[in-house]
Amino acid sequence: MASKFGMAGGIPERRVRPVWDAIDSRQFKNALKLSTTLLSKYPNSSYALALKALILERMGKLEESLSVCINAKELLYKNDLILIDDLTLSTLQIVFQRLDHLDMATSCYEYACGKFPNNLELMMGLFNCYVREYSFVKQQQIAIKMYKIAGEERFLLWAVCSIQLQVFCGNGGEKLLQLAEGLLKKHIASHSLHEPEALSVYISLLEQQAKYGDATEVLSGNLGSLIMIEVDKLRIQGRLLARAGDYGGAADIFQKVLTLCPDDWECFLHYLGCLLEDDCIFPGGTNSPSLHVSTLIDCNHRHLSDDVFDSRISRASEFVEKLKAEAGSDSIRNPDLANLEIERRKIIFGKGSYDKLMEDIILFFSRFGHLACFSADVAVFLQVLPGDKKNQLLEKLAKGIASSATSSKNVLGQHITLFKIRELIGDMFPLPEGDLVGFAVQMTEMYCQNLPLSKDLDVQESMFGEEFLCMTCNVLVQLFWRTKHIGYLLEAIMVLELGLTVRRYVWQYKILLLHLYSYWNALPLAYERYKSLDVKNILLETVSHHILPQMLTSPLLVDTSDLLKGYSRFMDEHFKESADLTFLAYRHRNYSKVIEFVQFKERLQRSSQYLTAKIEGSILNLKRNANSIEEAESVLESLNFGSDFLDVSNEIQSKKLTFNEDLQLRPWWTPSYDKNYLSGPYESMSNYPRETLRNDVKETESKVTRTIEKRSLLPQLKSLLESYAKFLQLPFQDAVVLVNSVASGQKPLEVFSPNLIGWMNFAVCLNAWNLNSNGITIPMNWELLCSLLQQSVSSKIKTAKPLLSFPGTDLSILVQLVTEPLTWHGLIIQSCVRSTLPSGKKKKKGGGGGTSDQSNTQLSSSIKNSIISLNNTIDQVSKWLKEQINKSVDGDIDILLSSINCDDGGPGPGKVVKILEKLVSSVDDLEVGERICHAVKPWKAADVARKMVTAQGTALTDFLNVCDSKIKVLQGLKLQI
């Protein structure tokens, strides 16, 4: 049955090897030629056909490849004399998988396993097929069969993992876990266990059923010896005891772990949590094998009596002092952090001292204040200090730096930490403008003065003091928010641009610049900075939120299309490849990874960003082809005329979306993609507005879900208006009345302001529905719609300010008006023109049907007037754009540069740039090194300003091209009537 020695799929290997060599070297034409020759010698070989199908698929001949592959499959079924080997089947599987026909690959293996029911090699291939299809029940069944045949531990564990997947990722009930437990118990009784991963699976099964005592007993028995590293075994034991409610026993275990690993901070939190019986860090019934580390201010240990609390805190303090003495290393931070945590818990319980906590922080600062992680380490402790104590702490930390006798690099690190702590506690927000300028100047000077410290570093190594520029940027942005003086915003950009000139690998600079350029409508530069981040793989899911929302409402249609295609390509490829990773985890007996890979794949499939990209990519495709009704219809046809997106909408309702974006990387002034503090009035805050981030995120997530559902109705352009009206938060009839009231001038356009684009889309679709309503009329006509569209555009142009002088001017609304409601209206006009004046036919003269002719004449008149109105509306946008574009580039640069040319006497922008210019003019290669010197010298403030002006011009020109192309189409339609 199996391939003979020296044979490949029943063919001598020497004849097959040249074909594979050609495939591997991507010489597909030669490979096809060799394959054809091979088939002529072995015409009844399924393997030879499978090879040809593989080559055709690699050449992009998908239909031909599928046909050949099906022929190979049928030949496999027909001829009982043909040897069926795994090589032939796996080759067929590869091709079928690439052609999105996994079911056919599975049927091949099912047939082979039916013909040779006890062949493990074929059964493993079938198991692999079920893994690819995520058929967890069938995985379990075939794994049990293999276990019964071979009695191997790995096959039993494949079955157990398949059962777990049914519970966690399928529709299986938790009673299935009892079945898996029973299977393992039976195997252990007869064969025991031989792999550490097998024991981990067994313990996880017990833990998932809250059988913590049983799991502890297993771990303490003979099977526990499978875990070779003692500290790993102790961590599991401590976790099980804590979840079982034996806090005393768990504390003892975690104390042993800390003795062996004194710098394990997470373990200390578990230890202290157990001592204080803090239930909130030991949630029961979780699938996660780890404990939750609580950093909340309101820890749940107030149920303890004073005496018990004092006793247990004293025990913790004594143990930490002992740990500190035994550690004997200046690099171990855990004991110092532990003292801070103990004092924090005492303060929460009402027995601590703010002064003692401050002393401990100062002591910790003297030892580790130079480390980049220090501010993150102490953030949770700063939260419990009242405002006056925070200010006292800052003063003492500053004095500590002044009197420090440590090396200059450590002092520099302490200065950076001090500024970071100022940011954390919001010390700089209420300060006068002059003080803030002073801080910005001080940090910039320290960056420049300490460049020599980085003289001998490699270009990819982090430089000493580079964090100063990010913090300077934050202060300058705050100054802009407070004063609305664009010079501060320009300085923030220039500081970061100089930093990138010195070292182009600093992603923090790029993200800050990306958001600043987006805010200033220099989106081509923002996109350039995003691309320079070189975001790949899963980071596309977590990082693209920095640029994607802006691009979706921009005139950069080509770049936006590339961005969406790149993201969607990665996601789709990951979904295809994730099954390979899962099966690899099975093969290598890494069973925890099996569950992790499947859960991760499911999380990505429910990604809000992925659904957004799918919908917006199709809408964008429609926008780009809207100048031709035939091409637009082709796009709609590929979308199944929008019904595919209704499926997306239903999917959103049936499954909870996931939000995988890492919002912690965003600048403080735009904590989520739908919020930017700079666009509103200045508000003095107690700290950088991170404290409201959690509520902001929940609100944003809810808004994103509604937006996706609403956008999924757009490609239809049909009668889903009732559903659409719900997203506008009005019943259908009320929405119709409101639209007509605004269109006829009875109500102001401002009633639409929270969602102007949505209302305009609704009005356009309402008119389209009215045209095809078969006698059911609603009070909406061409004239009212044109009036409404004209009003919306005119109001935006009337309130538009010069983009260069007014950062934050919302150009995206105007772009969306043109590329969506006006575009959809243009498509409807094209459709009507085509239907009233069919190509190649002339109007008939005379004859009957007077009523019909009169109706057609009225429609033609309405269409003609609509073409004129739409042309005038878009031309209005075009004229405004030309006014912006035709300004002198040098004049615009002078405007920008003049904003940073202020007197040195008082506060105001320009002082930071002067420091940068002084650095450029005086930099010495002997002092800072040849690389830094050569990087800094060419930098000019005027060049940064020129790039900004050019980028704005590029964005406006792209928008103008969109408008001009639509005007050209409308003028052509006008000639047809």
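With respect to Ser135, determine if the residue is on the phi > 0 side of the Ramachandran plot and either of a type in the set (S, T, N, Q) or free of Cβ contacts under 8 Å to residues at least 40 places away in the same chain (or both).
Details: on the phi > 0 side of the Ramachandran plot: no; either of a type in the set (S, T, N, Q) or free of Cβ contacts under 8 Å to residues at least 40 places away in the same chain (or both): yes.
Answer is no for this residue.
Checking each residue in the range 540-549 for being open to solvent by 10 Å² or more (accessible area, probe 1.4 Å) and farther than 19 Å from Asn621 by Cβ picks out Leu540, Thr542, Val543.
Going by the structure shown, is Ser45 of a type in the set (Ser, Thr, Tyr), modelled with pLDDT of 90 or more and surrounded by 13 or more Cβ atoms within 10 Å (Cβ to Cβ)? No. Restricted to helices (runs of 4 or more DSSP H) entirely inside the range 729-821, those with at least 1 residues that are open to solvent by less than 10 Å² (accessible area, probe 1.4 Å) and either touching a His at 6+ places or on another chain (Cβ under 6 Å) or at pLDDT below 95 (or both) are 732-743, 756-771, 782-799.
Working only within the range 27-37, note down all residues that are open to solvent by 10 Å² or more (accessible area, probe 1.4 Å) and touching a helix residue (DSSP H, G or I) at 6+ places or on another chain (Cβ under 8 Å).
First, pick out the residues of the range 27-37 that are open to solvent by 10 Å² or more (accessible area, probe 1.4 Å): 27-30, 32-34, 36-37.
If the condition is that a residue be open to solvent by 10 Å² or more (accessible area, probe 1.4 Å) and touching a helix residue (DSSP H, G or I) at 6+ places or on another chain (Cβ under 8 Å), then Phe28, Asn30, Leu32, Leu34, Thr36 are the ones that fit.
Looking only at the range 933-975, which residues are among the polar types (S, T, N, Q) and either at pLDDT 95 or above or surrounded by 14 or more Cβ atoms within 10 Å (Cβ to Cβ) (or both)? Within the range 933-975, Thr950, Gln952, Thr954, Thr957, Asn961, Ser965 qualify.
All of Lys845, Lys841, Lys864 fail the test of being modelled with pLDDT of 70 or more, surrounded by fewer than 18 Cβ atoms within 10 Å (Cβ to Cβ) and charged (D, E, K, R), apart from Lys864.
Screening Ser921 with (1) at pLDDT 95 or above; (2) over 38 Å from the mean Cα position of the chain (by Cα); (3) among the polar types (S, T, N, Q) gives one miss only, at (1). For the range 364-387, the criterion of being among the acidic types (Asp, Glu), over 36 Å from the mean Cα position of the chain (by Cα) and more than 22 Å from Cys473 (Cβ to Cβ) is satisfied by no residue at all. Anything in the range 314-335 that is open to solvent by 10 Å² or more (accessible area, probe 1.4 Å) and within 23 Å of Thr417 (Cβ to Cβ)? List them, or say none. Those that are open to solvent by 10 Å² or more (accessible area, probe 1.4 Å) and within 23 Å of Thr417 (Cβ to Cβ): Lys324, Ala327, Ser329, Asp330, Ser331, Ile332, Arg333. Evaluate the following for Tyr130: is it farther than 17 Å from Trp20 by Cα and modelled with pLDDT of 90 or more? Judged against the criteria, Tyr130 is a match. In the condition set (1) open to solvent by 20 Å² or more (accessible area, probe 1.4 Å); (2) closer than 30 Å to Val68 by Cβ, Cys108 is compliant with all but (1).
Can you tell me which residue in the range 526-539 is farthest from Leu557 (Cα to Cα), limited to those that are in a helix (DSSP H, G or I) and open to solvent by 60 Å² or more (accessible area, probe 1.4 Å)? Give the derivation first.
First, pick out the residues of the range 526-539 that are in a helix (DSSP H, G or I): 526-532, 539.
Pick out the ones that are also open to solvent by 60 Å² or more (accessible area, probe 1.4 Å) and you get 528, 531, 539.
Working: Glu528: 15, Lys531: 16, Leu539: 23 Å.
So the residue we want is Leu539.
Here is the figure for the range 583-634: residues that are over 25 Å from the mean Cα position of the chain (by Cα), open to solvent by 10 Å² or more (accessible area, probe 1.4 Å) and of a type outside the set (Ser, Thr, Tyr) total 13. When Asp86, Asp100, Asp80 are checked against the criterion of being modelled with pLDDT under 90, surrounded by fewer than 18 Cβ atoms within 10 Å (Cβ to Cβ) and within 42 Å of the chain's Cα centre (by Cα), Asp100 stands alone in meeting it. Of the helices (runs of 4 or more DSSP H) that lie entirely inside the range 365-461, those containing 1 or more residues that are open to solvent by 70 Å² or more (accessible area, probe 1.4 Å) and touching a residue at least 12 places away in the same chain (Cβ under 8 Å) span 387-402, 408-425, 433-449. Take Ser544 and tell me if it is in contact with an Asp or Glu (Cβ under 9 Å, 6 or more places away or on another chain), touching a residue at least 60 places away in the same chain (Cβ under 8 Å) and part of a helix (DSSP H, G or I). The answer is yes for Ser544. Restricting Glu153, Glu121 to residues that are within 26 Å of Arg14 (Cα to Cα) and at pLDDT 90 or above narrows the list to Glu121. Does Tyr42 satisfy the criteria of being out of contact with any strand residue (DSSP E or B) (no Cβ under 9 Å at 6 or more places or on another chain) and either on the phi < 0 side of the Ramachandran plot or of a type in the set (D, E, K, R) (or both)? So Tyr42 does not fit the description; no.
Give the residue that is most open to solvent (accessible area, probe 1.4 Å), with candidates limited to residues of the range 485-525 that are aromatic (Phe, Trp, Tyr) and within 23 Å of the chain's Cα centre (by Cα).
Within the range 485-525, the subset aromatic (Phe, Trp, Tyr) is 488, 505, 507, 509, 517, 519-520.
Applying the additional criterion that residues be within 23 Å of the chain's Cα centre (by Cα) yields 505, 507, 509, 517, 519.
On the way: Tyr505: 86, Trp507: 116, Tyr509: 2, Tyr517: 0, Tyr519: 23 Å².
Among them, the one singled out is Trp507.
Among the residues of the range 868-910, the one identified as outside any loop (DSSP other than H, G, I, E, B), without any contact (Cβ under 8 Å) to a residue 40 or more places away in the chain and of a type in the set (S, T, N, Q) is Ser898. Checking Arg482, Arg504 one by one, the residue that is in contact (Cβ under 8 Å) with a residue 60 or more places away in the chain and of a type in the set (Lys, Arg) is Arg482 and no other.
The values are calculated or read from the model by the stated rules, or taken from the named source; none is laboratory data. Computed from a predicted model, the values in this text were never measured in an experiment. Don't worry about glycine lacking a Cβ; one is built from the backbone with ideal geometry, like all the others, and counts go over all protein chains shown. Calculation scope for accessible area: heavy atoms of the full protein, side chains included, ligands and nucleic acids excluded. Shrake-Rupley method; radii C 1.70, N 1.55, O 1.52, S 1.80 Å.
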